[in-house]
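Beneath this line is the structure, given in structure tokens, with notes to follow.
The values are calculated or read from the model by the stated rules, or taken from the named source; none is laboratory data. Keep in mind it's a predicted model, so treat the numbers as computed, not measured. Every residue, glycine as well, gets a Cβ built from its backbone with ideal geometry; the counts of neighbours run over all protein chains shown. The accessibility values were calculated without ligands, DNA or RNA, using every heavy atom of the protein model including side chains. Shrake-Rupley method; radii C 1.70, N 1.55, O 1.52, S 1.80 Å.
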Amino acid sequence: MKIHKALLTKGYFPKELPSVFTTQDFGEQVDDILQDWEKAGVFRMLKLSDELPGGKKRSGAYTYKLGDAEAEKLSKPKRGYERREIHITHPLPQALLAREVGANWRSVQRWLSRQTYSVDEIRVGNDYERAIKGINFALHEAKKSYLQATSDWVITTDITRFYPSIYTHSIAWAAYGKERVKRNLNAYKGSFADRLDLLVRSCNRNQTVGIPVGPETSRIIAETISARIDQSYSARFPNSDKDNIDRLQDDWMVGIGTLEGAETVLSAISGLYREYGLDINGSKTSIDRIVGERESAWISEMKAFLSHRSGSLAGSRLREFLELTLILQSQNPTASVVIYALSVVEGAAIKAVDMPLVESFLIKAAVVAPGAMDRICRVVLDVQNRTNALSAKRIGSRFIYLVKVALEKGHHYEAIWLLYTLRGMKRPVDIRSIKELLADVESAAIALILLDMKSKGLCIGKLPTKVWEGKISEDSVKSDWTWLLAYEAYRHGWMVDHNKLLKKPLFKAMSSRNVVFYDPKRNINTSSSEVGNRSTRRKRNMEEVRKHLENLRGVAEAGHQSGDY
């Protein structure tokens, strides 16, 4: 598959959304859609002059004429009380952005070749869950353990709100060199990086600060900037040992021999990022004398429980395990305790008599671990579809209350997954308590799940469809979140297309080709398939770890265990 099609087929919408949200059709047919949009004047390509001041010449410079659109912003838990926004960008600038990246992939690869300290590869392919190969966290942990064992001092730091803080004009600085671009701005107007700058801003209401979180194109752009900083760091410290440095996107760990050297390195990293308008996160920055790193206490306690108690995970042993999970999650709010426990539960054969225990755990987990909401909801739906042993009444009553709490707080991610679970439980729920809140929520994702539920007779009470219809216009679908709500609600017949927008150029290019962004027939993966997928990923990741350690140590590994380096 071509680069731009892959980026739109499996790398457009945020991965955090339920599987009913899809961009597969859009990615596969994007070339014809863009052709129709250009013919209809939805956007224009403008060739720029080859003549430059001083008699200099260039070739192939062009830009775009299109409107700016505001992405749909969804609030998602990060760590503890921290949250971040993920984005559903408008299809027009996102399609052009992906096309530019695909058409200029050799240039992108040249920019990324500056990577020095990251073990991650920006590799596009069909074999990955997303368009781009995922991050191998086990490999980073292995490299960190290695450098800690060979360093007297260790520096750790990262960037405050990396994606939301990226200055879009710095894309060209990273691509061609900051001073070079600033000395001759006209020469780079209409260049590839300049077009990326324009299209990223078009995805974000023409804001020059921040790139969308969600599309894989943003990962490419962010890594282009990070790769340039790698190169600058290497030039500043030409004798630095790259084996003693690990960079995971904007997270750095550097091993060094002296405290004075560590302070110099930290100051240099901070200065290099400041040149791109980025600041290090003081709360996550440290210089420590570390000779090794212990496994997190909560993981040790969980593993000890599972290994020291024989027998299957059932009865009192299952109850104790689930109670321990909730206690440790409460004690370690930034840790992934519930996610770890769910992986164990998914791999166990839960008996029918233990279903009430699992049911209570899942309901409680939805409160104490909102960041794991997608995993919690998938387990609920998988167990219910296989066994029908969960109480739809009890879960429905509790989850609709949690939806209300989430909407009041503006926590879209939790609301989306809770509603998606209620939809999958196939039991009518009373939505009258949240109607007024729904009228004020600017989220196509939430509205579409509810409209789908309503069409299936799963909503007791009326939805604020008149309010939603009033927010939609020919102008709004070109410039904000309403494009997705309007397109899918009209296409499914869930709302009335008063302005015949499906026949207007923006939507017609997609609807005439039966492009789907919300497909009610797409189901989540079963627990058994997820367990298999995780096993496959782990084997592949650990093979990368093995090869990397062999290169670092110069010794072939006869056998190793994760984390023992």
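Select, from Asp68, Asp127, Asp152, the only residue that is acidic (Asp, Glu) and within 30 Å of Ile256 (Cβ to Cβ). Quick ask: steps written out before the conclusion?
Values: Asp68 fails: within 30 Å of Ile256 (Cβ to Cβ); Asp127 fails: within 30 Å of Ile256 (Cβ to Cβ).
Every option except Asp152 fails the conditions.
Could you tell me which of the residues Pro428, Pro356 is open to solvent by 50 Å² or more (accessible area, probe 1.4 Å) and within 30 Å of Ile472 (Cβ to Cβ)? Steps first, please.
On the way: Pro356 fails: within 30 Å of Ile472 (Cβ to Cβ).
Only one candidate qualifies: Pro428.
Of the numbered conditions (1) under 23 Å from Glu72 (Cβ atoms); (2) aliphatic (A, V, I, L, M); (3) in a loop (DSSP other than H, G, I, E, B), Ala389 satisfies every one except a single condition; which is it?
(1)
Pull up the stretch 18-60, narrow it to residues that are within 25 Å of the chain's Cα centre (by Cα) and part of a loop (DSSP other than H, G, I, E, B), then point me to the one that is nearest to Trp417 (Cα to Cα).
Restricting to residues being within 25 Å of the chain's Cα centre (by Cα) and part of a loop (DSSP other than H, G, I, E, B), the top hit is Pro18.
The conditions are (1) in a loop (DSSP other than H, G, I, E, B); (2) within 14 Å of Leu198 (Cα to Cα); (3) of a type in the set (Phe, Trp, Tyr), and Tyr81 fails exactly one of them. Which is it?
(2)
Between Ala268, Ala235, Ala314, which is at pLDDT 95 or above and touching a helix residue (DSSP H, G or I) at 6+ places or on another chain (Cβ under 7 Å)? Let's see the steps before the verdict.
Details: Ala235 fails: touching a helix residue (DSSP H, G or I) at 6+ places or on another chain (Cβ under 7 Å); Ala314 fails: at pLDDT 95 or above.
The unique qualifying residue is Ala268.
In the stretch 1-17, what residues are in a helix (DSSP H, G or I) and either among the small types (Gly, Ala, Ser) or farther than 12 Å from Gln29 by Cα (or both)? Even if it seems obvious, please write down each step before you answer.
Step one: list which residues in the stretch 1-17 are in a helix (DSSP H, G or I), which gives 3-9.
Across the stretch 1-17, the qualifying residues are Ile3, Ala6, Leu7.
Out of all the residues in the stretch 156-175, is one or more under 30 Å from Arg546 (Cα atoms) and of a type in the set (Ser, Thr, Tyr)? Break it down into steps so the answer makes sense when it comes.
Narrowing the stretch 156-175 to residues under 30 Å from Arg546 (Cα atoms): 156-159.
With the extra rule that they be of a type in the set (Ser, Thr, Tyr), the set shrinks to 156-157.
The answer is yes, given that some residue of the stretch 156-175 is under 30 Å from Arg546 (Cα atoms) and of a type in the set (Ser, Thr, Tyr).
Please find, within the stretch 445-502, the residue that is most open to solvent (accessible area, probe 1.4 Å) out of those that are modelled with pLDDT of 95 or more and polar (S, T, N, Q).
Ser455
Considering each of Lys456, Lys478, Lys426, Lys435 in turn, give the residue that is basic (Lys, Arg), out of contact with any Leu (no Cβ under 9 Å at 6 or more places or on another chain) and in contact (Cβ under 8 Å) with a residue 24 or more places away in the chain. Write out each step before concluding.
Details: Lys478 fails: out of contact with any Leu (no Cβ under 9 Å at 6 or more places or on another chain); Lys426 fails: out of contact with any Leu (no Cβ under 9 Å at 6 or more places or on another chain); Lys435 fails: out of contact with any Leu (no Cβ under 9 Å at 6 or more places or on another chain).
Only one candidate qualifies: Lys456.
How many residues does the stretch 361-410 contain that are within 24 Å of Val441 (Cβ to Cβ) and among the hydroxyl-bearing types (Ser, Thr, Tyr)?
2
Going by the conditions given, is Arg553 exposed (fewer than 15 other Cβ atoms within 10 Å of the Cβ), of a type in the set (Lys, Arg) and in contact with a Ser or Thr (Cβ under 9 Å, 6 or more places away or on another chain)?
On the way: exposed (fewer than 15 other Cβ atoms within 10 Å of the Cβ): yes; of a type in the set (Lys, Arg): yes; in contact with a Ser or Thr (Cβ under 9 Å, 6 or more places away or on another chain): no.
Spelling it out, it is not the case that Arg553 is exposed (fewer than 15 other Cβ atoms within 10 Å of the Cβ), of a type in the set (Lys, Arg) and in contact with a Ser or Thr (Cβ under 9 Å, 6 or more places away or on another chain).
Taking helices (runs of 4 or more DSSP H) that do not extend beyond the stretch 157-210, which have at least 3 residues that are touching a residue at least 24 places away in the same chain (Cβ under 8 Å)?
The helices (runs of 4 or more DSSP H) meeting that bar are 162-165, 170-176, 192-202.
If I ask for residues that are surrounded by fewer than 21 Cβ atoms within 10 Å (Cβ to Cβ) and within 30 Å of Ser145 (Cβ to Cβ), which ones from the stretch 163-193 would you list?
Residue satisfying the conditions is Ser165 alone.
Cβ-Cβ below 8 Å, separation at least six or inter-chain, first residue in the stretch 541-553 and among the aliphatic types (A, V, I, L, M), second at pLDDT 80 or above and not in a helix (DSSP H, G or I): which pairs?
Every condition considered, the pairs that remain are Val545/Asn136.
Can you tell me which residues in the stretch 196-251 are under 16 Å from Ser113 (Cβ atoms) and aromatic (Phe, Trp, Tyr)?
Once the filter is applied, which keeps residues that are under 16 Å from Ser113 (Cβ atoms) and aromatic (Phe, Trp, Tyr), the stretch 196-251 yields only Tyr233.
Give me the pairs, please: first residue somewhere in the stretch 525-538 and closer than 17 Å to Val20 by Cα, second residue anywhere and open to solvent by 60 Å² or more (accessible area, probe 1.4 Å), beta-carbon distance under 8 Å, and either six or more positions apart or on two chains.
Asn525/Asn533; Thr526/Asn385; Thr526/Arg386
Name the pairs: first residue in the stretch 396-422 and part of a loop (DSSP other than H, G, I, E, B), second residue surrounded by fewer than 24 Cβ atoms within 10 Å (Cβ to Cβ), Cβ to Cβ under 6 Å, at least 6 apart or on different chains?
Gly410/Ser75; His411/Ser75
Among the residues of the stretch 87-140, write down those that are open to solvent by 10 Å² or more (accessible area, probe 1.4 Å) and among the β-branched types (Val, Ile, Thr).
Across the stretch 87-140, the qualifying residues are Thr116, Val119, Ile122, Val124, Ile135.
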